[in-house]
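Here's the structure, in structure tokens; my notes come after.
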Amino acid sequence: MSSTALSTTPITSVAIAPDTAEAERYRAARVEAFPPEPDLNLRRYPGRIIQDLVFTNVYLGGTSAWSADDIGHIDAALAEAMSDLHLNNVLAQYYPDGFPTTTFKPSRVLEGPLPDRIYRDTIEHLVSATDVSGFDLATSVFCYFLPRGTVLVDGSSDDHGDGVDSEHGLGGYHGSVHGAPGTVYYAVGAFSEGSNGIGFFREGWKNTSAVFYHELCEARTDPDVEDAIRAGDAPHATDALGWYSPRGGEIGDIPLEEAGSKLGAVLVEVPLASGGGTVPVQLMWSNAVSGPEGPIATKH
């Protein structure tokens with residue numbers, strides 16, 4: 001879960017802060033450990049958002065590097081979390097008609113050895129080589145999972161190791177690759193366990209699922225953020241952004257940065273609206289309550 005540093009000026013300010021008789025309900029929905037911070041609220045820029053998301057999981061390193069149980073747990077947890085009614089009730093405020101949907105397509109395992117450290121250019125090469133037939137690229141995100149012990153670096157291999165890595169607080173990141181088939185959106189993450197990635201829960205698959213829930217929520221609300229980063233200080237660079245906070249970053253980054261050492265306030269197992277158990281997630285930022293929120297039974 002990387003933090004994206006951008007110097008931005010909001011083009012459109014969308015205020016959803018409660019100022020009605022329902023204010024008490026909104027306060028109750030915000031995570032108790034967080035005071036309201038309306039200055040951190042997301043702003044709607046001109047870039048794309050993905051309302052009807054399709055995603056699939058790609059497990060790197062081959063079948064010998066993965067436990068079938070871990071794959072099964074991660075696939076099920078992410079499919080359930082991303083389609084959960086009460087979690088999506090939080091995200092609904094960021095879509096014009098208030099009905100975000102998610103479809104999970106079957107996962108795959110890619111054979112082939114991996115180096116001990118994986119850099120952004122390596123991941124982008126793998127993304128470019130992925131068979132994306134059968135997917136609408138405008139609404140799809142491909143999730144790439146590194147096996148246990150493999151270190152993810154948010155930097156190029158040409159930088160000789162520079163950049164934040166999963167042994168120093170990085171869980172994953174999302175981005176895009178422009179190529180012959182079109183723009184391919186992706187997310188990548190370490191298998192978060194122990195000192196590699198975000199090791200909060202006892203079970204590695206739970207940490208990893210929470211990391212990818214974070215990345216998928218960011219990818220659907222701000223899919224082209226990497227184009228804004230590439231543009232740097234160029235005029236209209238922020239036109240590529242979707243929902244982004246000028247002070248805090250993306251929908252998943254703000255709660256993590258504000259939580260600090262209180263990760264247990266935002267990394268939680270939540271009950272599914274269907275009553276079918278719980279799933280591990282990271283709670284997202286909600287403009288409606290000016291803080292992390294979820295899940296809720298009724299949309300704002």
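Bear in mind that the values in this text are calculations on the coordinates, not laboratory data. The shown structure was predicted, so the numbers you read here are calculated from the model rather than taken from an experiment. Cβ placement follows ideal geometry from the backbone for every residue including glycine, while neighbour counts extend to all protein chains displayed.
Can you give the translational diffusion coefficient of region 223-263 in µm²/s, computed by Stokes-Einstein from the Kirkwood radius over Cα pairs at 37 °C and 0.692 mPa s? Could the numbers behind the result be given before it?
Values: Rh = 11.3 Å.
For these conditions, the coefficient is 291 µm²/s.
Could you work out the pair-distance distribution P(r) of region 106-177 from its alpha-carbon pairs, with 5 angstrom bin width and percents rounded to whole numbers?
Percent of Cα pairs in each bin: 3, 13, 27, 25, 17, 10, 5, 0.
Of the beta bridges DSSP finds with both residues in the chain, what % are antiparallel, to the nearest 5? Each step should come with its number before you reach the end.
Numbers: 23 of 43 bridges.
Approximately 55 percent, going by the DSSP bridge assignments.
Pop out the ³J(HN,Hα) list for region 137-150 in order, Karplus 6.51 cos²θ - 1.76 cosθ + 1.60 with θ = phi - 60°, rounded to Hz; leave Gly and Pro as x.
After applying 6.51 cos²θ - 1.76 cosθ + 1.60, I find 5, 5, 10, 10, 10, 9, 9, 10, 9, 8, x, 3, x, 7 Hz.
How would 200, 212 line up from fewest to most surrounding beta-carbon atoms within 10 angstrom?
If I rank by nearby Cβ atoms, fewest first, I get 200, 212.
Report, for region 55-206, the % of DSSP beta bridges that are antiparallel, rounded to 5. All intermediate terms of the calculation are to be shown ahead of the outcome.
Values: 11 of 27 bridges.
Taking every DSSP beta bridge with both residues in region 55-206, the antiparallel ones total about 40 percent.
Within region 171-185, list the residues whose amide N lies under 14 Å from a label point set 7 Å along Cα→Cβ of residue 230.
175-185
As a check on your grasp of the helix formula, calculate [θ] at 222 nm for the chain: sum -39500 (n - 2.57) over DSSP H runs of n ≥ 4, divide by the residue count, round to the nearest 500.
Numbers: 7 runs with 72 residues, N = 300.
It lands at -7000 deg cm²/dmol.
In debye, nearest 20: dipole of region 23-293 around its Cα centre with unit charges on the Cβ of K, R (+) and D, E (-)? Kindly include the intermediate steps, with their values, before the conclusion.
Numbers: 17 positive and 39 negative charges, 118 e Å.
The calculated dipole for region 23-293 is roughly 560 debye.
Taking other Cβ within 10 Å of each residue's Cβ, how do 243, 285, 205 sort, fewest first? Before the final figure, lay out each step's value.
Details: 243 25, 285 32, 205 22.
With the fewest neighbours first, 243, 285, 205 line up as 205, 243, 285.
Give me the net charge of residue 166's neighbourhood, meaning all other residues with Cβ under 14 Å from the Cβ of residue 166; Lys, Arg count +1, Asp, Glu -1. Write down the numbers at each step before the final one.
Numbers: positive: 117, 120, 148; negative: 116, 154, 165, 167, 193, 215.
Summing Lys/Arg as +1 and Asp/Glu as -1 gives -3.
Could you pull the Cα extents of region 23-293 along its three principal axes, largest to smallest, in whole Å?
Projected onto its principal axes, the Cα set of region 23-293 covers 54, 47, 37 Å.
Ordered by packing density, taken as the mean number of other Cβ atoms within 10 Å over each peptide's residues, highest first, how do 277-284, 100-107 rank?
Numbers: 277-284: 22.8, 100-107: 16.4.
Per-residue Cβ counts within 10 Å, averaged per peptide and sorted highest first, yield 277-284, 100-107.
Enumerate the calculated ³J(HN,Hα) couplings along region 273-287 in order (Karplus 6.51 cos²θ - 1.76 cosθ + 1.60, θ = phi - 60°), each rounded to whole Hz, writing x wherever the residue is Gly or Pro.
Taking θ as phi minus 60°, the curve returns 4, 6, x, x, x, 10, 9, x, 9, 10, 5, 9, 6, 10, 4 Hz for region 273-287.
Apply the Karplus parameterisation 6.51 cos²θ - 1.76 cosθ + 1.60, with θ equal to phi minus 60°, to every residue of region 84-98 and state each ³J(HN,Hα) to the nearest whole Hz, in sequence, with x for glycine and proline.
5, 4, 6, 5, 5, 5, 6, 6, 4, 5, 9, 10, x, 9, x
Suppose the chain between residue 247 and residue 158 were pulled fully straight at 0.36 nm per residue; how much longer would it get relative to their current alpha carbon spacing? The partial results should precede the final answer.
Details: separation 89, 0.36 × 89 = 32.04 nm, distance 3.05 nm.
So the chain would gain 29.0 nm between residue 247 and residue 158.
Would you mind ranking 184, 90 so that the residue whose beta carbon has the fewest other beta carbons within 10 Å leads the list? Please list the in-between numbers first.
Details: 184 20, 90 26.
Ranked by crowding around the Cβ, least crowded first: 184, 90.
May I ask you to compute the full-extension gain from residue 299 to residue 128, defined as 0.36 nm times their residue separation minus their alpha-carbon distance, rounded to one decimal in nm? Can you show the working numbers first?
Details: separation 171, 0.36 × 171 = 61.56 nm, distance 3.78 nm.
So the extension gain works out to 57.8 nm.
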